[in-house]
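To start, the structure itself, in structure tokens.
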Amino acid sequence: MYGDNTLPLTMASSRMDGDTDAKAPATVWDVRLRKLLRQEDSQFELDVSFQTSAQRVVIFGPSGAGKTQTLRMIAGLGTPDEARVVVAGQVLCDTARGLVAAPQERHLAYVFQEYALFPHLTVVQNVAFALRRGWKNPNKAIADEGVQRWISTFHLESVAGHYPHQISGGQRQRTALARALVTSPRALLLDEPFAALDKGLRRRLRDELKALQMQIQLPMLLITHDDDDVNCLAEQVICIDGGRVVEGPRTPQNQVWTA
């Protein structure tokens with residue numbers, strides 16, 4: 001169990017330079033997850049821990065390494081055996097203290113690999129769906145300021161009235177991102193967001209996503225097995241294999257702390 005033996009939310013290191021104290025940047029991601037998965041006569045143990053002050057974090061590893069399970073448990077969509085999840089100073093889960101926030105209470109935007117757009121709703125309705133109250137679908141003529149802002153940000157005005165099957169793969173991804181961001185989330189989680197796109201489009205959308213993140217300064221955690229995603233987007237790389245954090249590429253500014 002993690003109990004009180006957790007790393008502090010803010011790591012400070014001081015040095016004497018006259019009368020000036022230098023402090024390390026506040027931790028953005030503090031994650032510790034443990035889960036034993038059993039299926040028939042096999043089992044898989046996930047034991048992942050990392051802590052970093054980087055805003056753009058990429059979890060990198062081969063298929064079956066445990067990346068998606070890690071992302072789902074951070075989002076609250078999976079149930080860990082033991083966990084501590086702190087994002088931007090907010091404790092979202094600490095099983096040692098009996099604190100487990102529901103997914104909707106974590107305010108984390110989650111973009112699925114296949115985008116999970118509703119086929120019977122238009123682009124603008126899909127974006128507005130995240131803001132809905134009650135059971136009714138958003139009106140096709142919705143004029144919400146936040147919805148229109150993200151429609152404009154992702155240059156979706158010309159297809160706002162189209163259905164998902166009528167737009168391109170890049171436009172579907174932008175719609176999914178707009179829907180995720182319209183709720184003003186605490187952080188953005190992305191599951192292999194470029195896997196279904198061709199190489200040229202992947203490159204362009206990576207650049208767009210990086211520019212957007214730098215503009216709005218929203219913490220972002222992305223999982224991938226693509227080196228190009230790492231090279232373009234990562235401030236910090238967390239390498240996972242066999243359910244564990246393993247040695248891999250690191251930035252000089254941000255290190256990984258493992259349990």
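Throughout, read-outs are computed from the coordinates displayed, never taken from laboratory work. These numbers come from a predicted model, not from an experiment. FYI the Cβ positions are ideal-geometry reconstructions off the backbone, even for glycines, and counts take in every protein chain you see.
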What distance in nm separates the simple spin-label points at VAL246 and LEU212, each placed 7 Å from Cα in the Cβ direction?
3.2 nm
Considering only the other residues whose Cβ falls under 14 Å of the Cβ of ASN126, what net charge follows from Lys and Arg at +1 and Asp and Glu at -1?
+3
Candidate cut points under trypsin sites (Lys or Arg not before Pro) in the range 63-147, DSSP loop plus at most 16 other Cβ atoms within 10 Å of their own Cβ, are ARG132, ARG133, LYS136, LYS140
Where in the range 27-62 is the amide nitrogen less than 19 Å from a point lying 7 Å along the Cα-to-Cβ axis of ALA88?
27-32, 51-59
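Treat every Asp and Glu Cβ in the range 36-89 as -1 and every Lys and Arg Cβ as +1, leave all other atoms uncharged, and give the resulting dipole magnitude about the Cα centre to the nearest 20 debye.
The dipole of the range 36-89 has a size of about 380 debye.
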So if I average 1/r over every pair of distinct C-alpha atoms in the range 79-205 and take the inverse, what Kirkwood radius in Å does that give?
15.9 Å
Convert each backbone phi in the range 84-89 into a coupling constant with the Karplus relation 6.51 cos²θ - 1.76 cosθ + 1.60 (shift: θ = phi - 60°), then list the ³J(HN,Hα) values in order as whole Hz, x for Gly and Pro.
9, 10, 10, 10, 6, x
Could you give the length gained on full extension between ARG149 and GLN43, defined as 0.36 nm per residue of separation minus the Cα-Cα distance, in nm?
33.6 nm
Please identify the GluC sites (Glu not before Pro) of the range 49-115 that satisfy two criteria: DSSP loop assignment and at most 15 other Cβ atoms within 10 Å. Which are they?
GLU114
Over all directions, the average projected area of the alpha-carbon convex hull for the range 147-220 comes to how many nm²?
4.9 nm²
What percent of all Cα-Cα pairs in the range 49-105 falls in each 10 Å bin, counting up from 0?
20, 53, 26, 1
Which listed residue (LEU99, GLN113, ASN139) has the Cα farthest towards the positive end of the charge dipole for the range 70-159, taking +1 on Lys and Arg C-beta and -1 on Asp and Glu C-beta about the Cα centre?
ASN139
